[in-house]
Amino acid sequence: MRWLWIDRIVDHEPNKRLVAIKNVSLAEEHLHDYIVDGQVVMPASLLIEGMAQTAGILVGTTSHFKEKVILAKITKASFDSEVTAGDTVRYDATIDRIDDAGAATSGAVDRRVAGGEAWERIGRIELMFSHIDNNMAGTEFPEHNFVFSDNFQMILDAAGLGDYVCRQDA
Amino acid sequence: MNRDDIFSKIQEVLDDALGVDEDEVTPNASLTADLGAESIDFLDIVFRIEKTFDVKISQGELFPENLADNDDWVADGKLTDAGLEMLKGRMAHVDFAVFEGGDRSIAKLGDAITVDSLVNFVEIKLAG
């Protein structure tokens, strides 16, 4: 089971943009190891992973998940505020450029505090993804797409995007 | 756009892509040996040059790719005469002098690509 850092896809513009949310919970044990000013916080590295999963799925949909999409570079990541238990995080990812070799994405991280209604922008993340089968000359990878495993299918199905995976066998 | 303007914009591209200071980006600085570029950075640089200069760059046009797949070009990890001639023909923006009569290991190919190579490339590309 892969560790998922998004709960739900809430918006998708094909080949362009994907938006996902995550509800942060005290049931996540890792939070208890990160305390700032007496408050548990979600580590920035996991916020980056959430964006990587959001943007990675977006890049994957463009090839109907035929390509193995691997996070290759965190170009930039900056955060202005912390995220804590009870908050909801929103990852809004956009493809800046994509070709056979890989993709560049940029995106915003927004936070809605517990009990609040307004979204507040708290970070920006730029990433690079590699289509590894096209970039690792001489290196062979398993034929099946190990990047987008079954639990990603669950998230795609919940968002009505399940067909994107099925089409790879069409 | 003159060569100085291109160089200045390439400095910004490499500052953003590699996180290096602009004063490190000298004309003779090697992207790999001096500025620490890795394979994925080359893709990043291609994307940024396309955006900055509004040009379209095909895969393998700016940086050589998958050379080792061709036995005529690479033998025992070294560039053959045919491989070197092919590179010179396809990549006029790179100075391959380092390979003339010396170590032709393709591992050193990245070292031959300098900041000047990128400026040359853009200059040729903009000249159309």
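The values are calculated or read from the model by the stated rules, or taken from the named source; none is laboratory data. All values derive from a computational prediction rather than experimental measurement. All Cβ positions, even for glycine, are placed from backbone atoms using ideal geometry, and neighbour counts span all protein chains on display. Calculation scope for accessible area: heavy atoms of the full protein, side chains included, ligands and nucleic acids excluded. Shrake-Rupley method; radii C 1.70, N 1.55, O 1.52, S 1.80 Å.
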Task: Extreme residue, farthest from A:K22 (Cα to Cα), among residues of segment A:79-96 that are surrounded by fewer than 18 Cβ atoms within 10 Å (Cβ to Cβ) and not hydroxyl-bearing (S, T, Y) - done: A:D96
Task: Members of segment B:88-104 that are in a helix (DSSP H, G or I) and either buried (at least 16 other Cβ atoms within 10 Å of the Cβ) or at pLDDT 85 or above (or both) - done: B:K88, B:G89, B:R90, B:F99
TODO: Answer with yes or no whether B:D44 is in contact with a helix residue (DSSP H, G or I) (Cβ under 7 Å, 6 or more places away or on another chain) and closer than 25 Å to A:I98 by Cα.
DONE: yes
Open item on the list: Just to check your reading of the model, which residue among B:L118, B:L126, B:L62, B:L67 is aliphatic (A, V, I, L, M) and more than 21 Å from B:I6 (Cα to Cα)?
Closed with: B:L67
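Residues are listed down the side, and each one gets a yes or a no for (1) touching a helix residue (DSSP H, G or I) at 6+ places or on another chain (Cβ under 9 Å); (2) open to solvent by 10 Å² or more (accessible area, probe 1.4 Å):
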site: A:V10; (1), (2): no, yes
site: A:P14; (1), (2): yes, yes
site: A:D33; (1), (2): no, yes
site: A:G50; (1), (2): no, no
site: A:K73; (1), (2): yes, yes
Task: Any chance B:V20 is crowded, with 17+ Cβ neighbours inside 10 Å and assigned by TED's automatic domain parsing to the domain that holds B:A127 - done: yes
Open item on the list: Restricting to segment B:61-87, and then to whatever is among the charged types (D, E, K, R) and under 22 Å from B:G101 (Cβ atoms), can you tell me which residue is most open to solvent (accessible area, probe 1.4 Å)?
Closed with: B:D76
Task: Elements of type strands (runs of 3 or more DSSP E) in segment A:1-118, at least 2 residues being polar (S, T, N, Q) and within 15 Å of the chain's Cα centre (by Cα) - done: A:88-98, A:102-112
